[in-house]
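First the structure, in the form of structure tokens, and then the observations on it.
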Amino acid sequence: IPNEYTPLVPPKLGGTLKTDGASPLESEVSFEAPIAPAFVVWITPALLCAMAYALYNIFIKKGSNSIHPVLGGVILQIVAALLGTLLLMMIIFRDGSDALQFDQAGIYWSIAAGLAVGAAEMLSFFVMGMGVQAMQAVPIIIGGSVMFGTILGAIWLHEILTIQGWSGVVLLVVGIVMVATDPGSGLGEGH
């Protein structure tokens, strides 16, 4: 895998932050988009990420009946922060602090993402703690994330999908409805 595509070495940021007097969240940021790597380069890390999300949700399900959702979310975030800090220290030790590229907008968007993921983690503990099967909750949460991410990407980021991509989103929504309404959790009761 080429070094510029490894998770610890993101593509170089090119471009500048426009200073139009607006806050960084309202300012236009125009970075040159890196050339996307070939499918064979990114598919393995993407599938590993999907597996990590699956384990994340299964672990939440396993612990959700034994911990308050907010406490579970906070512990999860502390552990994630410790892991991230360890990786950050490794990057700084290996490459120096100059390897950490960022600007004010990057900081603000990272904070916004942290707020969103914190809410998602606590809501995951809450949903799983209600007794919803992981086989139903995980596909709905992750599939719903894909659905909302695609819609927000089109509206907010002006990204484009062809009819093939939107057909996939429709199939995803149909799949979410089928999984959400599956009576499987009650089939084994009373037998």
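Read-outs: derived from the displayed coordinates by stated rules, not from any lab. Here the structure is a predicted model, which is why all the values come from computation and not from measurement. We place every Cβ from the backbone using ideal geometry, glycine too, and count neighbours over all the protein chains shown.
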Residue-span extension gain [residue 94 to residue 145] - 0.36 nm each, minus C-alpha spacing: 14.9 nm
FRET efficiency for residue 52 and residue 181, using Cβ-Cβ distance with R0 set to 25 Å, rounded to 0.05: 0.35
Can you tell me which of 49-60, 64-75 comes out highest on packing, and rank the rest after it, using the mean Cβ neighbours within 10 Å? 64-75, 49-60
Packing-based order for 39-48, 145-154, using average beta carbon neighbours within 10 Å, highest first: 145-154, 39-48
From the Cα gyration tensor of region 80-174, with a ≥ b ≥ c the square roots of its eigenvalues, which class applies: rounded if a/c is under 1.5, or else prolate if a/b is larger than b/c, or else oblate? oblate
Take the alpha carbon gyration tensor of region 36-77, find the square roots of its eigenvalues, order them as a ≥ b ≥ c, and report rounded if a/c is under 1.5; if not, report prolate when a/b exceeds b/c, else oblate. prolate
